[in-house]
Amino acid sequence: MEPSFIQSAMALGLPSKKASSRNIAVERKNLLTVCRFSVKTLLEKYTAEPIDDSSEEFVNFAAILEHILSHRFKGHVSWFSTDGQRGFWDYIRIACSKVPNNCISSIENMENISTSRAKGRAWIRLALMEKRLSEYIVTALRDTRTTRRFYDDGAILLREESSVLTGMLIGLSAIDFSFCLKGEGIDGKTPAVIDYTPYLKFTQSYDYLSEEEDRESVGGSSSEDSSPEHPYLPLLTDEESWYSKWRKMEQKFRIVYAQKGYLEELVRLRESQLKNLEAENKRLTQRLNEQAEQGLQEKHQLEGVILELQEQLHSYLSTEHLSAELSLSSESQRGEAKQDGEPWGPIGKDPTPSMLGLCGSLASIPSCKSLPSLKSNECLVSNSSETSPAGSPS
């Protein structure tokens, strides 16, 4: 293969890789932006009426959240899924199993829900009714090993934007949701489609006016000769202007009230997290103190064992030294006894009784015996003469 072709291929591959990373980044940004708009819309909707499955704002939010949880999800086929499709529910089921008093087993035991997509949608609704959706996702994100096993690089749940997502979802705890888990909204056959039109509409507003200009416009509308100072303000009667001002103030009040509920829920969550951290810190401190006390006790026990072994070693060495001294003294006493006494036996006994008897028999032989008889005993006489000269014949 020619080098020019390789260089051209590499040149083509590098921009495509950059374009792919850019597209992934744009997807993340778009999904998080519409999710923020959707949460704000839900909060504004809740100030006017309750929210259930029929609410268009909630349907759109559920679709957005499903797309976020499915962003850059690994694979589509799984052997442990009932419908052969693997969705974000398989990740939630494993990663959120450590959440105390979770609803995972309840969703698994539902008879009318069998597919992975339907179980994921049921989990979103049940978590919203429990006001624990943010807690579930935070716990799942802490299990980084499981998250990396289910998502490719560039996914929202593997980026820093996931903390932004959990922060946005905290505000939904201020809303009392009411859903039917047997309705058509959790059907796993139809894919979720996001409606972007509510966030792309341009509505004319007069919020650009300052408070002073607002008061001047209201005050000027009471006089007949006054003309609107702003060229874009429509000509309104006194009653219409007061009604429009009331509507605007009511809308602002609802937004502020929803934001107040959001901040109160955020403070409550932070306080609960702080209490949990304090309890965890207290538990760890107590455990550390117990470990220190246990280590001190073990140290004392080891010191006692060492002292006991040293005493045993000292007593053993002293016993060996004493036995050695006793053996030396006994040997010295035996040596002294051998030097003072007879070397061949006890005192008063003849060491050679057989020789004495032999000498006595030779001394008693009469001189009239013949010379041959004496020659026959010459060996005996010669031997006895060496030991006792008195036994030789005269």
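The values are calculated or read from the model by the stated rules, or taken from the named source; none is laboratory data. Not measured: the values here are computed from a predicted model. Positions of Cβ are backbone-derived with ideal geometry, glycine not excepted, and every protein chain shown enters the neighbour counts. SASA here: full protein model, heavy atoms, side chains in, ligands and nucleic acids out. Shrake-Rupley method; radii C 1.70, N 1.55, O 1.52, S 1.80 Å.
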- prompt: Just wondering, is there one or more residues in the range 75-89 that are acidic (Asp, Glu), modelled with pLDDT under 90 and more than 20 Å from residue 164 (Cα to Cα)?
  reply: yes
- prompt: Taking only pairs six or more apart or across chains, which ones have beta-carbon atoms under 6 Å, a first residue in the range 170-183 that is closer than 10 Å to residue 51 by Cβ, and a second residue that is assigned to a helix (DSSP H, G or I)?
  reply: 175/46; 177/128; 177/129; 179/125
- prompt: Is it the case that residue 280 is open to solvent by less than 100 Å² (accessible area, probe 1.4 Å), touching a residue at least 40 places away in the same chain (Cβ under 8 Å), under 24 Å from residue 133 (Cα atoms) and assigned to a helix (DSSP H, G or I)?
  reply: no
- prompt: Take the residues of the range 153-174 that are buried (at least 16 other Cβ atoms within 10 Å of the Cβ) and farther than 15 Å from residue 65 by Cα: which is farthest from the chain's Cα centre (by Cα)?
  reply: 174
- prompt: Is it the case that residue 128 is more than 15 Å from residue 67 (Cα to Cα), crowded, with 22+ Cβ neighbours inside 10 Å and touching a strand residue (DSSP E or B) at 6+ places or on another chain (Cβ under 6 Å)?
  reply: yes
- prompt: Within the range 83-115, which residues are surrounded by fewer than 23 Cβ atoms within 10 Å (Cβ to Cβ) and small (Gly, Ala, Ser)?
  reply: 84, 97, 105, 106, 114
query: Considering only the range 152-198, how many residues are under 23 Å from residue 141 (Cβ atoms), of a type in the set (A, V, I, L, M, F, W, C) and in a helix (DSSP H, G or I)?
result: 10
- prompt: Considering only the range 109-163, how many residues are small (Gly, Ala, Ser) and closer than 23 Å to residue 181 by Cβ?
  reply: 8
message: Here's a check for you: in the range 246-277, which residue that is closer than 18 Å to residue 135 by Cβ and exposed (fewer than 11 other Cβ atoms within 10 Å of the Cβ) is farthest from the chain's Cα centre (by Cα)?
response: 267
